[in-house]
Amino acid sequence: MSKIIIAIPRGRIIKELKKILLKTSFAPEDELFDDKSRKLTFLSKNKEINFIKVRAFDACTFVAFGAAQIGIAGEDVIKEFDYSEIYAPLELNIGHCRLSVAALKTLLKKEDPETWSNIRVATKYPNISKEYFANKDIQVEAIKLNGSMELAPSLNMCRRIVDLVSTGATLKANGLKEIDEIMKVQSKLIINRSAFKTNNKKIQNIMDEIKSLVK
């Protein structure tokens, strides 16, 4: 029977995820959690389960296209891509933050967001942004950036952004103010639907074990 591959995202949730994964019967080798390691594939305590480490924004794509059967992804990424091949059955209670709209403080002194009708935003989430603003009858041009969103307003690319917010410190440091929360975000276990049908028992066991460790 083929191995199960679990896609783990790099970045901010890795320390929280480590506390869960190391308690499982399929704990990955320690190098998975080493930020300095360039390795991308990892063995586990269970010879039938391997791990891969990917960019957080790519975890859904690896699972949707069957390169991995299971993965960890934020609700923001799950919603942005909205792959029909992905099933997200389990909240992990880690990686808590929010996806919000923010604008330059100088702009907000002159404009009321309630009067916006046609705007431009910088974001890693063009689909979510367009849906959110469409529901408010606001036309939006979404400039796709993969990072450093807070720079865009200060360099006159736009005057508003849609991005993840945790403490709000980065917004404040760059002259931006949070206006509205689009959605709350946490990490979830994601599963490829086809893989779940063909490897139901094995995937269910993994899911049950992780569920028992989630606080």
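The values are calculated or read from the model by the stated rules, or taken from the named source; none is laboratory data. All values reported here derive from a predicted model rather than from experimental measurement. Cβ sites come from the backbone with ideal geometry, for glycine too, and all protein chains shown count toward neighbours. Areas reflect the complete protein model, heavy atoms only, side chains present, ligands, DNA and RNA absent. Shrake-Rupley method; radii C 1.70, N 1.55, O 1.52, S 1.80 Å.
List of remarks:
- Evaluation of LYS188 against the conditions (1) surrounded by fewer than 16 Cβ atoms within 10 Å (Cβ to Cβ); (2) in contact (Cβ under 8 Å) with a residue 40 or more places away in the chain; (3) in contact with a helix residue (DSSP H, G or I) (Cβ under 9 Å, 6 or more places away or on another chain) shows that the sole unmet condition is (1).
- In the range 65-120, counting only strands (runs of 3 or more DSSP E) that sit wholly within it, the ones holding 2 or more residues that are in contact with a Leu (Cβ under 6 Å, 6 or more places away or on another chain) span 97-104.
- The set of residues in the range 34-55 being closer than 16 Å to PRO9 by Cβ and at pLDDT below 95 consists of ASP34, ASP35, SER37.
- Flag if ILE210 is closer than 30 Å to ALA27 by Cα and either modelled with pLDDT of 95 or more or touching a Cys at 6+ places or on another chain (Cβ under 8 Å) (or both): yes
- Among the residues listed as ASN127, ASN156, ASN205, the single one being assigned to a loop (DSSP other than H, G, I, E, B) and of a type in the set (S, T, N, Q): ASN156
- The range 119-147, residues that are surrounded by fewer than 12 Cβ atoms within 10 Å (Cβ to Cβ) and of a type in the set (D, E, K, R): ASP137, LYS144
- Restricting the range 154-168 to residues that are at pLDDT below 95 and within 25 Å of ILE94 (Cβ to Cβ), the residue that is most open to solvent (accessible area, probe 1.4 Å): THR167
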